[in-house]
Amino acid sequence: MSSAQEEVSTQNLHRGYVEIWHHSLLHIKSTGLLCAIGLGIPTAIQRCGGAATISDIITETGVDPAKLSYLRRLMRMLTISGIFATDQHDGSEPIYKLTSASRILVNDRDSTSYDLSSLPSILARPSTAISTFFCLETWFRDASATTLFETAHGVPGWSLTKNDASYNKDMNDSFAADSSIFMDVMLKEVGGTDIFGGLRSLVDVGGGHGGAAKAIARAFPDIKCSVLDLEQVISQAPSDGTVQFISGDMFESIPPADAVFLKLVLDSLGDDDCVKILRRCKTAIPTRDAGGKVIIVNFVLGHGEQDKIVLETQVLFDVSVIRYGGAEREEHEWKKIFLEAGFNDYKITPILGFLSIIEVFP
């Protein structure tokens, strides 16, 4: 082997060595993010006018002053990861600032602002999200038909919304927060009229506490909007009369409407269950000539122009929904499901960089 080949081989070894360390430690990023949210650090920085020292953060959050050096290390990690930004010159004390990510984790602003602080509590929840994947190897070797979540915890994943009040609340809060951002972009920037114009009625299936349906109803007062979800979800939904809440199971029936709205629902299901749900949808809506359609919000893997973070986020979420037996899908996989469910046409509109709106027509 030549000296040049040896040098390249050594460089590759060094790089690979660092990358394995990096990937093995990524759980520190998500758990550190949860800690920062729990301590209220993004809110503390906002209260300090958008720029704060470690001492300022300790004062605002009530962190024990004896933990100052540890807090500085946490902030350094989250800053390098892009959650916060910092100004530091000539060895002076760092001044921490909000980034586009941490700005939407502030939770004490006025009602017109976004607050996504509840989302990581579901996506990175130690007891039900992170711990589940410690059983991934065991599940792959298991010949039974149980889901990954059942292998890890002994119960179906969706039973938690019924049996764990804290999980149910965090799930509903996170979906509502996500909808507040998504629907604002969908209605203002993508072209809500193109999607919802002409509809007289819409049912949001699996719509939780109605964040998406309420946004649609406010933007289009002529559309009668309703939300279908399980009893344990509907019973906790705050009602202001904007939408009608219906307790039910989407596998059994879907109320009739001009359009059925499914936001981040089908990716939690296998292909066969998606076909079943879409057939229920097809029964619930009128023909295409009469304005009938299904509006799906989900990932379409690899669709459109994507940078590394967008693509990695999509495939990470694809693996995350393995726990329920679900999947994120490429366009050809969606098309196969639509055709099997009896639909004839569809239209994909990318949104927020990594999600898509899929209009499916009978």
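Listed here are the residues, each with its yes/no results for (1) crowded, with 18+ Cβ neighbours inside 10 Å; (2) at pLDDT 95 or above; (3) of a type in the set (A, V, I, L, M, F, W, C).
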position: Pro42; (1), (2), (3): yes, yes, no
position: Arg72; (1), (2), (3): no, yes, no
position: Ala101; (1), (2), (3): no, no, yes
position: Val106; (1), (2), (3): yes, no, yes
- request: Looking only at segment 67-74, decide whether some residue is touching a residue at least 24 places away in the same chain (Cβ under 8 Å) and closer than 21 Å to His27 by Cβ.
  value: yes
message: Of everything in segment 289-340, what is assigned to a helix (DSSP H, G or I) and among the β-branched types (Val, Ile, Thr)? Give them in sequence order.
response: Ile309, Val310, Thr313, Val315, Val319, Val321, Ile322, Ile337
Unique residue being in the same structural domain as Asp258 (by TED's automatic domain parsing), surrounded by 14 or more Cβ atoms within 10 Å (Cβ to Cβ) and out of contact with any Phe, Trp or Tyr (no Cβ under 6 Å at 6 or more places or on another chain) when the list is Gly154, Gly207, Gly197, Gly191: Gly207
- request: Would you point out the residue of segment 131-163, among those that are polar (S, T, N, Q) and either assigned to a helix (DSSP H, G or I) or touching a residue at least 40 places away in the same chain (Cβ under 8 Å) (or both), that is nearest to Tyr324 (Cα to Cα)?
  value: Thr147
Cβ pairs under 7 Å, 6+ apart, first in segment 310-338 and of a type in the set (A, V, I, L, M), second in a loop (DSSP other than H, G, I, E, B) and buried (at least 18 other Cβ atoms within 10 Å of the Cβ): Val310/Phe354; Val321/Ala327; Val321/Glu328
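The values are calculated or read from the model by the stated rules, or taken from the named source; none is laboratory data. Not measured: the values here are computed from a predicted model. In this analysis, Cβ positions are derived from the backbone assuming ideal geometry, glycine residues included, and neighbour counts consider all displayed protein chains.
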